[in-house]
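Reading through the structure tokens given below for one structure.
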Amino acid sequence: MSDANDTPGDGVNPEKDLSAENLPGQRGQGGEEIRVQRGMFGANNGGDTSGYGGLVRSVRLPGPAARPYGGWFDEVADELEGALEEQDLLPENAIERTVVDRGELTFHIEREHLVRVARTLRDDPALRFELCTGVSGVHYPNDKGRELHAVYHLRSITHNRLIRLEVSAPDSDPHIPSLFSVYPTNDWHEREAYDFFGIVFDGHPALTRIMMPDDWQGFPQRKDYPLGGIPVEYKGAQIPAPDQRRSYS
């Protein structure tokens, strides 16, 4: 059995020294709390057989970072803000907040300015984020007024850098401008985010479902979507469909 002195890196043995600094995924009191989860799986129907019924934890999104961000992050932020000002667009009107979390840089963009910001990141010689590797949809039902998020991963081949853009929209108005005109490879990625999350990408040339049948009702990767399923027979026993089993969420 190795002890703390045998642990590589900073010499902390997480089995013996459980602090906020070395527990995975912890943000302490920082960031923005969007809900409080009780129990390991948030059980609210029936008894919790997991043994974690007394667990209470906050679910937090990372908050805005303060300057200096560190490394090349400040250079990218300065160049982007300067390029937007040259277009008579105040950076604070386009960039909702800048987040540095776990060594990664994310710009949260107001959706009405998304296309201009993306085009600036692509075309400005000091930025040159030529490649968008896709868009991912996220659903936060408790993030009121911005339940739907679209996350874009941008890579600069010229400068060997990777950043993210994140845009939000409410469930009641799930519209975000399409980036097809800036990054044509987003075509199928936006269709998939629409198919599974119901995010409507305005300006997309053919926004149709890509995985589910055209007449499918609902958006399967939203967290409020019913599980569904069919009963399965296993060695003479009948296992009910997921939506008929005991709920742990």
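The values are calculated or read from the model by the stated rules, or taken from the named source; none is laboratory data. If you're wondering where the values come from, they're calculated on a predicted model, not measured in any experiment. Quick reminder, even Gly has a Cβ in these numbers, built from the backbone with ideal geometry, and neighbours come from all protein chains shown.
The rows are residues; the columns are (1) within 22 Å of the chain's Cα centre (by Cα); (2) farther than 26 Å from residue 117 by Cβ; (3) surrounded by 18 or more Cβ atoms within 10 Å (Cβ to Cβ).
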| position | (1), (2), (3) |
| --- | --- |
| 186 | yes, no, yes |
| 189 | yes, no, yes |
| 202 | yes, no, no |
| 213 | no, yes, no |
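Sort through 128, 155, 111 and tell me the only one that's surrounded by fewer than 18 Cβ atoms within 10 Å (Cβ to Cβ), under 30 Å from residue 82 (Cα atoms), touching a residue at least 60 places away in the same chain (Cβ under 8 Å) and touching a strand residue (DSSP E or B) at 6+ places or on another chain (Cβ under 7 Å).
111
Scanning for something surrounded by 14 or more Cβ atoms within 10 Å (Cβ to Cβ) and touching a residue at least 40 places away in the same chain (Cβ under 8 Å), does region 86-97 turn up at least one residue?
Pass one, region 86-97, residues surrounded by 14 or more Cβ atoms within 10 Å (Cβ to Cβ): 89, 91, 94-97.
Imposing the further condition that a residue be touching a residue at least 40 places away in the same chain (Cβ under 8 Å) reduces the set to none.
No - not one qualifying residue is present in region 86-97.
Grab the strands (runs of 3 or more DSSP E) fully contained in region 83-188, keeping just those with 3 or more residues being β-branched (Val, Ile, Thr) and within 29 Å of residue 221 (Cα to Cα).
Per the criteria, 95-101, 131-139.
Might you let me know whether region 34-49 holds any residue that is in a strand (DSSP E or B), modelled with pLDDT of 55 or more and either hydrophobic (A, V, I, L, M, F, W, C) or surrounded by fewer than 13 Cβ atoms within 10 Å (Cβ to Cβ) (or both)? Can you show your working first?
Filtering region 34-49 for residues in a strand (DSSP E or B) gives 34-38.
Restricting the remaining residues to those that are modelled with pLDDT of 55 or more gives 34-38.
Going one step further and asking which of them are either hydrophobic (A, V, I, L, M, F, W, C) or surrounded by fewer than 13 Cβ atoms within 10 Å (Cβ to Cβ) (or both), we end up with 34, 36.
Yes: one or more hits.
Taking residue 147 as the residue in question, decide whether it is within 30 Å of residue 36 (Cα to Cα), modelled with pLDDT of 95 or more, crowded, with 18+ Cβ neighbours inside 10 Å and out of contact with any Gly (no Cβ under 8 Å at 6 or more places or on another chain). Break it down into steps so the answer makes sense when it comes.
Numbers: within 30 Å of residue 36 (Cα to Cα): yes; modelled with pLDDT of 95 or more: yes; crowded, with 18+ Cβ neighbours inside 10 Å: yes; out of contact with any Gly (no Cβ under 8 Å at 6 or more places or on another chain): yes.
Yes, satisfied.
Those residues that are under 19 Å from residue 145 (Cβ atoms) and in contact with a His (Cβ under 8 Å, 6 or more places away or on another chain), I need them from region 166-198; list them, please.
Step one: of region 166-198, the residues under 19 Å from residue 145 (Cβ atoms) are 166-177, 197-198.
Result: 166, 167, 168, 169, 197.
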